[in-house]
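I have a structure here, written as structure tokens, and I will follow up with some questions on it.
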There are 2 protein chains.
Amino acid sequence: MPEEFRDEVLSRRWFLTATAGAAGAAIASTASAETLADVPDRGPGADLSAHSERSRFAKLDRIPESTPGKRNIDPSDAINSKTPHQKLVGNITPTDLHYERSHSGVPDIDPSQHRLLIHGMVGRPLVFSVDDLKRMPSVTRIVFIECTGNGWENWKKADPDLTVQNTHGLVSTNEWTGVPLKFLVDLVAKDKGANWMLAEGGDGAGVDRSIPLTDEIMEEAFVAYGQNGEPLRPAHGFPMRLLMPGFEGNLNIKWLRRLKFGAAPWMTRWETARYTQLLADGKARQFQFRMETNSVITQPSGMMQIQPGYNRISGLAWSGHGKIAKVEISTDGAKTWKQAQLTLPLLSKAQVRFQMDWDWDGKPTKIVSRSTDEKGNVQPDRASFIAAMGTNALFHYNAQQTWSIDEAGRVRNVLA
Amino acid sequence: MPEEFRDEVLSRRWFLTATAGAAGAAIASTASAETLADVPDRGPGADLSAHSERSRFAKLDRIPESTPGKRNIDPSDAINSKTPHQKLVGNITPTDLHYERSHSGVPDIDPSQHRLLIHGMVGRPLVFSVDDLKRMPSVTRIVFIECTGNGWENWKKADPDLTVQNTHGLVSTNEWTGVPLKFLVDLVAKDKGANWMLAEGGDGAGVDRSIPLTDEIMEEAFVAYGQNGEPLRPAHGFPMRLLMPGFEGNLNIKWLRRLKFGAAPWMTRWETARYTQLLADGKARQFQFRMETNSVITQPSGMMQIQPGYNRISGLAWSGHGKIAKVEISTDGAKTWKQAQLTLPLLSKAQVRFQMDWDWDGKPTKIVSRSTDEKGNVQPDRASFIAAMGTNALFHYNAQQTWSIDEAGRVRNVLA
């Protein structure tokens with residue numbers, strides 16, 4: 001049996017037992033049907049086309065937002081657009097629904113005119129076109145990218161009417177293809193003493209960040225030109241972006257136009273004024289690059305309504321440290337925990353779908369998930385997270401997400 | 001170092017050596033550039049939106065076709081629409097470019113009305129809605145689907161003007177999510193003696209196929225409702241289809257409306273008149289389910305033009321038997337072979353991207369790839385394939401694909 005299938009055998013036994021009695025009828029729309037009279041008739045078909053578009057019955061939209069926690073419908077004010085995890089399945093995010101975060105909108109770049117400058121402390125500064133990169137050896141990897149602000153809606157308070165799209169819509173997983181950073185570093189003959197790299201984007205804001213060239217980053221970072229098999233979408237950096245598996249989304253510089261090597265960080269506006277963390281003691285934390293161990297239940301989640309009896313709990317877990325080792329789920333407000341099933345094979349720094357069976361007794365309760373990664377990092381509960389980080393900061397929120405369920409089956413966002 | 005990155009270390013050394021001399025200048029557009037004057041200026045951006053659309057500079061279309069080998073622009077005659085592999089990267093096919101093959105067009109199904117009947121030799125016949133399936137345990141798996149007619153353009157003759165989209169555009173790889181067949185089989189309490197299953201589609205043609213319930217199929221088949229994270233696209237079976245990893249595309253019944261269990265095959269029109277193979281000796285082969293070990297070079301490929309010096313050869317390999325074990329490439333018309341790099345981790349019954357460096361001396365030659373899977377199956381050369389199968393059949397063509405390159409660098413389709 002391929003490993004992908006090992007994870008649901010136990011569940012199947014459980015499901016059969018749980019649905020063997022009177023509640024079992026609920027597992028199918030109609031019991032004891034025998035003929036095709038129970039199934040709608042066949043119908044005519046539309047012509048084949050150059051593209052397979054979505055069904056008109058499948059409504060899948062992101063939500064453009066302006067300020068944190070405040071939904072807004074004026075796209076000219078929007079700073080991000082969030083993935084609708086409550087409507088998605090599997091591990092991979094649809095390309096056009098990968099979350100989007102921009103500081104000055106989406107530039108319309110002609111790839112034949114675009115260039116990448118690599119210079120600074122190097123023996124041979126070079127300028128590359130998109131075609132230059134496409135001729136080089138490439139890597140292809142499924143990884144998540146997460147905005148460092150993902151989850152900030154729940155840092156200070158909990159709006160009960162938020163969906164998981166509102167609370168956790170700033171993380172997505174795609175397959176990315178591009179040229180390894182170490183390959184480019186060899187081409188330009190980087191100086192041994194150049195332990196930092198400045199990456200700058202070609203958008204109006206010119207987002208630029210200083211990146212330390214650790215062994216991990218030298219091994220894993222790449223300049224991507226492909227996304228789920230096709231050229232990057234403009235919102236995701238067309239024609240090229242930096243890919244930094246496991247690290248803050250804003251380091252994955254889009255519309256990449258230069259990499260500069262040097263001996264120290266450049267202290268750009270983005271890393272002094274913007275992406276720093278004001279801690280409880282009044283000090284600020286700079287360069288908190290890695291995204292932490294995280295998870296969220298997407299089904300059932302905020303603003304849904306469930307029925308008593310058999311329910312399937314499903315969600316996504318991820319860690320910037322590597323692979324997820326386990327996900328636990330509590331259906332009694334974090335008093336007791338059960339281990340969920342994970343989708344195999346596990347990939348490093350990619351979102352993984354988890355699942356668990358649950359027989360809801362119809363009484364009010366709270367459900368919550370908790371992930372542990374292969375390095376032993378455990379997703380903290382909210383009280384521990386706040387005790388460590390205070391309430392002045394905005395970024396790297398990875399506390400456990402709790403959904404309350406009332407006697408009517410209404411699922412709502414709560415702090416814990 | 002994660003295994004995904006191990007495959008390109010050797011290549012990097014080779015590239016640096018190959019480009020160290022005069023030809024090295026060709027690896028970048030501009031040598032010795034130092035400033036941002038060499039890079040286009042930053043520009044304003046468009047508003048954020050509900051969907052990230054493609055760049056207007058990224059032209060990616062499938063080709064709707066009518067009869068084999070004859071391209072046609074009247075969609076009402078089209079029987080398939082092919083994936084443009086020559087423009088894609090990585091392993092996963094963009095959702096809207098997954099190949100499409102229909103026998104009576106694409107039905108427009110309301111998922112709230114759709115039902116799946118499971119009956120025949122079972123203890124408890126049942127009818128399921130889409131929501132019923134979504135509440136059950138699910139599997140998520142990246143696998144290829146391939147039309148049994150993929151490659152038939154080159155069976156009898158070779159049109160030199162075909163692209164790889166024309167010759168191999170009827171295979172694609174997506175992430176699929178759905179309910180394991182064995183789970184449904186347990187729910188309806190299938191009789192022990194029911195070793196065959198009839199799967200029927202809800203399109204106008206009502207495509208139906210008999211499927212033997214081998215251990216492998218019982219372990220791996222599933223009823224899919226998700227594709228690359230979202231609901232199936234209508235062209236790919238919305239709201240549900242059968243997923244049969246490694247087996248003929250037409251067995252992956254789209255718009256699935258019933259599964260019937262029985263003791264023997266039903267001998268439907270599709271398996272007696274259509275999907276049988278007329279062999280050289282005049283006998284017909286029926287029920288040739290599994291797709292064979294295959295590969296094709298997509299870069300460079302038909303109708304492209306290359307330059308002397310450094311070139312990167314890239315392509316896709318796949319096998320219905322399991323994982324690809326190795327891919328070899330010949331750049332001298334199948335006289336000598338070198339092993340290509342594979343993208344890791346390898347997945348069973350999924351397309352995998354392979355790559356190799358090549359320093360073309362500018363002389364006319366032929367390039368060809370040959371895959372071997374984990375069961376030891378080797379993709380045959382065309383002469384061996386024809387010797388075994390004759391020229392009367394239409395399906396399961398998996399002979400090695402040869403591209404000729406003339407002194408001007410023009411890449412063309414040839415038989416060998």
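Among the residues of segment A:356-369, write down those that are surrounded by 23 or more Cβ atoms within 10 Å (Cβ to Cβ) and within 22 Å of A:G169 (Cβ to Cβ).
Passing the criteria: A:I367, A:V368, A:S369.
So, one more: Can you tell me which of (1) at pLDDT below 95; (2) among the aliphatic types (A, V, I, L, M); (3) under 26 Å from A:E219 (Cβ atoms); (4) surrounded by fewer than 23 Cβ atoms within 10 Å (Cβ to Cβ) is the one A:M121 doesn't meet?
(1)
When only residues in segment B:92-108 that are in a loop (DSSP other than H, G, I, E, B) and more than 7 Å from chain A (Cβ to nearest Cβ) count, which is surrounded by the fewest Cβ atoms within 10 Å (Cβ to Cβ)? Steps first, answer last, please.
Residues of segment B:92-108 that are in a loop (DSSP other than H, G, I, E, B), as a first pass: B:92-94, B:98-99, B:102-105, B:107-108.
With more than 7 Å from chain A (Cβ to nearest Cβ) added as a condition, the list becomes B:99, B:103.
Numbers: B:Y99: 26, B:H103: 16.
Selected residue: B:H103.
Going through B:V188, B:V179 one at a time, which residue ends up being over 15 Å from the mean Cα position of the chain (by Cα) and modelled with pLDDT of 95 or more? Walk me through how you get there before you give the answer.
On the way: B:V188 fails: modelled with pLDDT of 95 or more.
Testing whether each residue is over 15 Å from the mean Cα position of the chain (by Cα) and modelled with pLDDT of 95 or more leaves just B:V179.
Looking at segment B:374-416, which of its residues are open to solvent by less than 20 Å² (accessible area, probe 1.4 Å) and hydrophobic (A, V, I, L, M, F, W, C)?
Matches in segment B:374-416: B:F385, B:M389, B:A393, B:F395, B:A399, B:W403, B:I405, B:V411.
Collect the residues in segment A:186-208 that are open to solvent by less than 10 Å² (accessible area, probe 1.4 Å), among the hydrophobic types (A, V, I, L, M, F, W, C) and within 11 Å of another protein chain (Cβ to nearest Cβ), keeping them in residue-number order.
Answer for segment A:186-208, where residues must be open to solvent by less than 10 Å² (accessible area, probe 1.4 Å), among the hydrophobic types (A, V, I, L, M, F, W, C) and within 11 Å of another protein chain (Cβ to nearest Cβ): A:L187, A:V188.
Among the residues of segment B:28-54, which ones are surrounded by 16 or more Cβ atoms within 10 Å (Cβ to Cβ), of a type in the set (S, T, Y) and modelled with pLDDT under 85?
Listed by number, the residues that qualify are B:S29, B:T30.
Please list, ordered by residue number, the strands (runs of 3 or more DSSP E) wholly in segment B:241-323 having 1 or more residues that are of a type in the set (S, T, N, Q).
Working: elements: B:241-243, B:256-262, B:294-299, B:309-318.
Here the list reads B:294-299, B:309-318.
Could you please find all residues in segment A:109-141 being part of a strand (DSSP E or B) and at the interface with another protein chain (Cβ under 8 Å from one of its Cβ atoms)? Show your work before the answer.
Taking segment A:109-141 first, the residues part of a strand (DSSP E or B) are A:116-120, A:122, A:126-128, A:139-141.
Passing the criteria: A:L116, A:L117, A:H119, A:L126, A:V127, A:F128, A:V139, A:T140, A:R141.
Quick check: anything in segment A:60-67 at the interface with chain B (Cβ under 7 Å from one of its Cβ atoms), farther than 17 Å from A:T95 by Cβ, at pLDDT 80 or above and surrounded by 14 or more Cβ atoms within 10 Å (Cβ to Cβ)? Before you say what the answer is, go through the steps one by one.
Here is the first cut: in segment A:60-67, the ones at the interface with chain B (Cβ under 7 Å from one of its Cβ atoms) are A:60-62, A:64.
If we keep only those that are farther than 17 Å from A:T95 by Cβ as well, we get A:64.
When the remaining residues are screened for being at pLDDT 80 or above, the result is A:64.
From what is left, the residues that are surrounded by 14 or more Cβ atoms within 10 Å (Cβ to Cβ) are A:64.
Yes, segment A:60-67 has at least one match.
Of all residues in segment A:307-344, count the ones that are buried (at least 17 other Cβ atoms within 10 Å of the Cβ), of a type outside the set (G, A, S) and closer than 22 Å to B:V179 by Cβ.
Selection size over segment A:307-344: 10.
Would you check which residues across segment B:272-322 are modelled with pLDDT of 90 or more and among the aliphatic types (A, V, I, L, M) and list them?
Correct list: B:M291, B:V296, B:I297, B:M303, B:M304, B:I306, B:I313, B:L316, B:A317.
Give the number of residues within segment B:34-59 that are in a loop (DSSP other than H, G, I, E, B), more than 29 Å from A:A78 (Cα to Cα) and either facing chain A (nearest Cβ under 7 Å) or of a type outside the set (V, I, T) (or both).
Step one: list which residues in segment B:34-59 are in a loop (DSSP other than H, G, I, E, B), which gives B:34-35, B:39-42, B:44-45, B:47-59.
Right, trim to more than 29 Å from A:A78 (Cα to Cα) and you get B:34-35.
Adding the requirement that they be either facing chain A (nearest Cβ under 7 Å) or of a type outside the set (V, I, T) (or both) leaves B:34.
Matching residues across segment B:34-59 total 1.
The values are calculated or read from the model by the stated rules, or taken from the named source; none is laboratory data. Predicted model only: the values in this text are computed from it and were never measured. Cβ: placed from backbone, ideal geometry, glycine included. Neighbour counts: every protein chain shown. Side chains included, ligands, DNA and RNA excluded: accessible areas come from the protein's heavy atoms. Shrake-Rupley method; radii C 1.70, N 1.55, O 1.52, S 1.80 Å.
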